[in-house]
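Written below as structure tokens is the structure these notes are about.
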Amino acid sequence: MAEDKKYTKIQELTYELKVENVMTKKVVTVSPQKTIYKLRNILHTKRISGTPVVDKGKLIGIISIEDFMKCLAKGEINIPIEERMTKKVRTLYADEPLVHAVRKFDEYGFGRFPVIERGKGKLVGIITKGDIIKGLLKKLEIDYHKEEIHRYRASHIFEDIVADRTTLTFHYNVVGEDFNRAGESASGLKRTLSRLGIQPDSVRRAAIAAYEAEMNIVVFTEGGKLTVSVETHRIKIEASDSGPGIPDIEQAMQPGFSTAPERIRELGFGAGMGLLNIKNCADKMNLTSKVGKGTHLEAIIYLNQR
Amino acid sequence: MITLKEIIQKLNLEVMSASGDFDREIRGGYVSDLLSDVIANSKKGNIWITLQTHPNIVAVATLKELAGIIIVNKRKPEDETLKKAEQENIPVMVTELSAFEIVGRLYELGIGRATENAKEV
Amino acid sequence: MILNEVKEILEAEVIIGSDNLKIEVKIGCAADSMSDILAFAKPGALLLTGLTNLQVVYTSEISDIKAICFVRGKKPDEKVIKLAKSKNLPMLMTHLPMFESCGRLYANGLIGIGYLDIKKKNG
């Protein structure tokens, strides 16, 4: 799973990064009148395998080490570059996402693309596959460090605090009947718990329980609170509202039992499984309710201590 | 041609409501948990696969003249649902398989291939 | 099964993740009920659903769903697409009904949620 995540992360970065972020800006160029023989020296001393041909600031062609080899074989080393260069040059724009560059490398099989400024046609850089890899690795490293810092900070909080007992508490306000936001709290909680370094299975169970509790508040009440407290040995989720209350808790716990209107069912909720889901995810669950006053739900998930 | 009776045997379904026509030929299926969608898009004679268990599913099946209902994930229909199903002659079955899995097997039996659906339209 | 195969088999359109089609989905999950997805979906599953609201994205995130394919030609609105993008969740859309979608994927070797559990039970 971690492998897959890295893969998607790289894919994501190829969209995020632009050609100009990874290209080489100092471009070695040659003028068209130079001879093939001179080209040899340039390629050799600069340790490059190809270079754009520029005339009065304008890109007019590209010439590579392969072109040079062909000329050498034919003994044409004293003719001007412009007679043997590739004139139809494929280029990339500086502001294109990197994924376009990756595609073009795949498509044409070239070793490099000159990069030009959109609209002006001015040569601003050159990009090779190596540039792409280096650029991605650099960005990946930066992002990785950021995430590591998050995780480090969070998982060491408990160790850094000197107390007989430490509890971290997170509060989420849940707005009733707001389906634009319903799910946000549980989503935020999931991210938070992951960053604390809690085991994925426990994170998942806590997130599911919190999500169902959040949805119950959204669907049935005018709003309420989700409070989650974390200690080294357990996660406690509390959901409370001052809504209509549940008349018969035992009945409400039955699979399939639901008082949700059809409108809610059409949204994919209210199938009568929510409380059962919470119960199945939690190691301990307690539900109290008073009709007309509100409902209080508590779910505890024990953590394996390492 | 395959009948409801054969499907029940082959897929090991548990029959919860046994009144109705079990020798009826099943040509197509419909999977959905949204009643409005079933009302809008299912076709007469379809076998309906859902995880809903409340009495409204019988009303929908009757309205659309569906061949029967298969409830998935081992969920038990409510008593009221079964009472209604018996009155309305709608066969109700339960499976412990998920919707994806049971549909895959129905499809294997030749139910609801695209060509058949196309013929019905 | 990789996402690109799902796309081909279901004649699907890619809404998000066109450059991410090599990721693998291990299990198929067909549901229009959030609670069922939460209760039964295994991490790494492909979710087939007719629901297109924001909560499908949240539910998928909470359940560690790998990718979503909307059936019956339903396309989510911009709000939903934006949220899914922020969570890096690939989304496809097929014009096929749910029945046909499940059938084709199953016929091509994608297993359902119950399969592994039942196998375990039977030894």
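The values are calculated or read from the model by the stated rules, or taken from the named source; none is laboratory data. Owing to the predicted nature of the structure, the values given are computational and were not obtained by experimental measurement. As a convention, Cβ positions derive from the backbone with ideal geometry for all residues, glycine included, and neighbour counts pool all protein chains shown.
Which one is nearest to the other protein chains (Cβ to nearest Cβ), of the residues in region A:178-191 that are surrounded by 17 or more Cβ atoms within 10 Å (Cβ to Cβ) and over 16 Å from the mean Cα position of the chain (by Cα)? Only one residue tops the list, namely A:Gly183.
Restricting attention to region B:3-31, the residues that are away from every other protein chain (no Cβ under 14 Å), in a loop (DSSP other than H, G, I, E, B) and surrounded by fewer than 16 Cβ atoms within 10 Å (Cβ to Cβ) add up to 5. Being in contact with a His (Cβ under 8 Å, 6 or more places away or on another chain) and modelled with pLDDT of 90 or more, is that true of even one residue in region C:39-60? The answer is no; no qualifying residue exists. A:Gly274 fulfils the conditions (1) surrounded by 22 or more Cβ atoms within 10 Å (Cβ to Cβ); (2) farther than 30 Å from B:Ala40 by Cβ; (3) touching a residue at least 60 places away in the same chain (Cβ under 8 Å) except for a single criterion, (2).
Residue count for region C:39-88, restricted to those that are within 15 Å of C:Gly28 (Cα to Cα) and crowded, with 20+ Cβ neighbours inside 10 Å: 18. Somewhere in region C:89-109, is a residue within 14 Å of chain B (Cβ to nearest Cβ), crowded, with 24+ Cβ neighbours inside 10 Å and small (Gly, Ala, Ser)? Yes; the residues of region C:89-109 include at least one that is within 14 Å of chain B (Cβ to nearest Cβ), crowded, with 24+ Cβ neighbours inside 10 Å and small (Gly, Ala, Ser).
Restricted to helices (runs of 4 or more DSSP H) entirely inside region A:209-302, those with at least 2 residues that are more than 27 Å from C:Lys42 (Cβ to Cβ) and assigned by TED's automatic domain parsing to the domain that holds A:Ser185 are A:249-252, A:262-265.
So that you can scan it fast, the table gives a plain yes or no per residue for (1) closer than 13 Å to B:Phe100 by Cα; (2) within 12 Å of chain B (Cβ to nearest Cβ); (3) touching a helix residue (DSSP H, G or I) at 6+ places or on another chain (Cβ under 6 Å); (4) modelled with pLDDT of 95 or more:
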| residue | (1), (2), (3), (4) |
| --- | --- |
| C:Met1 | no, no, no, no |
| C:Val25 | no, yes, no, no |
| C:Asp36 | yes, yes, no, no |
| C:Arg72 | no, yes, no, no |
| C:Leu83 | no, no, yes, yes |
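Quick one: count up the residues across region C:13-31 that are touching a strand residue (DSSP E or B) at 6+ places or on another chain (Cβ under 6 Å) and either surrounded by fewer than 24 Cβ atoms within 10 Å (Cβ to Cβ) or within 16 Å of A:Glu212 (Cα to Cα) (or both). The total comes to 7.
Hey, among A:Lys104, A:Lys58, A:Lys88, A:Lys26, which residue is surrounded by fewer than 16 Cβ atoms within 10 Å (Cβ to Cβ), closer than 30 Å to A:Leu137 by Cα and under 39 Å from the mean Cα position of the chain (by Cα)? Steps first, please.
Details: A:Lys104 fails: surrounded by fewer than 16 Cβ atoms within 10 Å (Cβ to Cβ); A:Lys58 fails: closer than 30 Å to A:Leu137 by Cα; A:Lys88 fails: closer than 30 Å to A:Leu137 by Cα.
After ruling out the rest, the residue left standing is A:Lys26.
Looking across B:Lys84, B:Lys44, one residue alone is over 12 Å from the mean Cα position of the chain (by Cα), away from chain C (no Cβ under 14 Å) and not hydrophobic (A, V, I, L, M, F, W, C). It is B:Lys84.
Against the definition (in contact (Cβ under 8 Å) with a residue 60 or more places away in the chain and touching a Leu at 6+ places or on another chain (Cβ under 9 Å)), how does A:Ala206 come out, yes or no?
On the way: in contact (Cβ under 8 Å) with a residue 60 or more places away in the chain: yes; touching a Leu at 6+ places or on another chain (Cβ under 9 Å): yes.
In short, yes.
The test for being among the acidic types (Asp, Glu) and closer than 19 Å to C:Leu47 by Cα holds for B:Asp37.
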